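What follows is a short report on a single structure.
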Amino acid sequence: MRSRRSVVSGLVLALAAFALAVPPATANPVAGATVSHDTCGEAPAGHMRCFSTWTPGESMQEFGASAVKRPKGISAADIRSAYKLPASGDKGKGMTVAVVDAYTNPHAEKNLKVYRKVMGLKPCTTKNHCFRTVNGSGGTKMPEADASWGVEINLDVQAVSAACPNCNILLVAAKSSDEKHLGQAVRTAARLGADVISNSYGRDENGSMGKLGRTYFEHPGIPMVVSTGDAGFRAASFPAVLGTSIAVGGTTLKHTAAGKWRERAWENSGSGCSAWIAKPAWQKDKHCGMRTTADLSALADNFAVYDTFGLGEENGWLTVGGTSLSAPLVAGMIALAGHPEKVTPASVTRNHALLRDITSGPANGDCGDDYLCQAATGYDAPTGWGSPRGLKVFS
């Protein structure tokens, strides 16, 4: 009989060669639909896909064009409460969080205006120099608009707003979802002075990613925060699997009867044992001889997002989930703490006692209840060392 370690290792190698088929995104869903929609769908070879799903909430017709009521889903105030973030003051002021996405959403700024108004946050606009959008090279000519990636764009900028209301937001819109176009957009974000860069996309790792990582995704002194994916335990996702990336898995949040928050592993949180990237010196888990993801985690479920571009009669408030949410939340928290240049995957690991250990939740795959696919005391791959409990882990 093979040992658990042998079983897990064999499964990891099998998963590394496996590509999960994902249903295509629904850009214009049938009116009244209540099912969740995969935002970006399956990506062709050489491209990345975003890691989110959305469910229709209150449409503009139901909610009113002014959209001033509080929508369904987790709010900005809920994020501050659940993660013990400061509710007032000037923390984060002067910090810039860059979100890198493919294509563009021409309504992103006006949707952000509505989101922040409803959530009780100060305006963040081009006019007050809080919000800025550039293309993948840093110019002002925007790429093609895309309703699917448009949901992702709104999710990213609104999640950063929830975590760090005082932060400046730099949206860098890559020409397409091609890995090199997204990589160039990351380099542009670094060149334009981003303090933290959030990346809510990825693809299965392979042998060519080392050069891509070194060329585009490694910027010392700028935390590279990356979603681990939404397909559970499988081949590790690039660029989250890079040793220089802060790989963020997903959780769910629920209010308890006592009015506190209960946080558990999210069932689709991406985790993986790399077949290509060597194990960093700071990572000590036993059943994966190479780089393991994730490093830490945050909410990946039921977040309120306002979107009025390309969704037909479903334009309005959505509830959105996926590790595409957890990455910009963590990026915002890193900026909020005020010392992003000191935050690395190694520093998060070193200070893991300052995180909230996530010890329960459904498995995200079949690995014999091993920590690689099951939340457990201490380190586990779906949630890493846990979720932020205040800002000290990033300070």
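None of the figures in this text is laboratory data; all of them are computed from the coordinates on show. Source: prediction; values computed, not measured. Don't worry about glycine lacking a Cβ; one is built from the backbone with ideal geometry, like all the others, and counts go over all protein chains shown.
So which of Lys127/Lys392; Lys72/Lys127; Lys72/Lys284 end up more than 31 Å apart by C-alpha?
Cα-Cα > 31 Å for Lys127/Lys392; Lys72/Lys284; rest within.
In the chain, what % of DSSP beta bridges are antiparallel (nearest 5)?
Numbers: 28 of 58 bridges.
If I count the DSSP bridges inside the chain, around 50 percent turn out antiparallel.
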If eta is 1.306 mPa s and T is 10 °C, what Stokes-Einstein diffusion coefficient results for the stretch 217-326, Kirkwood Rh from Cα pairs, in µm²/s? 103
Once the Cα atoms of helix 323-337 and of the chain are each reduced to a long axis, what angle between those two axes, in degrees from 0 to 90 to the nearest 10, is obtained? 80
Straight-line reach from Lys91: which aspartates and glutamates have Cα under 17 Å away, leaving out those fewer than 8 places along the same chain? Asp195, Glu341
Residues Ser137, Ser52 arranged by fewest to most Cβ contacts within 10 Å: Ser137, Ser52
Glu313 to Lys286: extension gain in nm, 0.36 nm per residue of separation minus the Cα-Cα distance? 4.7 nm
Please label the shape of the stretch 123-276 as rounded, prolate or oblate, based on the square roots a ≥ b ≥ c of the eigenvalues of the alpha-carbon gyration tensor (a/c under 1.5 means rounded; beyond that, a/b larger than b/c means prolate, else oblate). oblate
Which aspartates and glutamates have a Cα less than 13 Å from the Cα of Lys260, not counting those fewer than 8 places away in the same chain? Asp78
Ranked from highest to lowest mean number of other Cβ atoms within 10 Å per residue, what is the order of the peptides 231-240, 83-92, 169-178? 231-240, 169-178, 83-92
Points 7 angstrom from Cα along the Cβ direction at Thr256 and His129: gap in nanometres? 4.6
Any idea how far the Cα center of the stretch 230-281 sits from the one of the stretch 190-223, in Å? 18
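Taking square-rooted eigenvalues a ≥ b ≥ c of the alpha carbon gyration tensor, is the chain rounded, prolate or oblate, where a/c under 1.5 means rounded and, failing that, a/b exceeding b/c means prolate?
Verdict is rounded for the chain.
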Would you pull out the residues with amide H under 5 Å of Leu299's amide H, same chain only if 5 or more places away, H placed 1.01 Å from N? Thr251
Please determine, in degrees from 0 to 90 and to the nearest 10, the orientation of helix 179-191 with respect to the longest principal axis defined by the Cα atoms of the chain, where the helix direction is its Cα long axis. 70
State whether the stretch 208-265 is rounded, prolate or oblate according to the following rule on the C-alpha gyration tensor (a ≥ b ≥ c being the square roots of its eigenvalues): a/c under 1.5 gives rounded; otherwise a/b larger than b/c gives prolate, and the remaining case gives oblate. oblate
What list do you get for His181, His339, His47 if you sort them by fewest beta carbons within 10 Å? His339, His47, His181
Please give every one of the aspartates and glutamates within straight-line cross-link reach of Lys122, meaning a C-alpha to C-alpha distance under 15 Å, and leave out same-chain neighbours fewer than 8 residues apart. Asp90, Glu109
Residue order, fewest to most surrounding Cβ atoms within 10 angstrom, among Asp101, Asp357: Asp357, Asp101
Can you compute the modelled spin-label distance between Lys93 and Thr140, with each label point 7 Å from Cα toward Cβ, in nm? 2.9
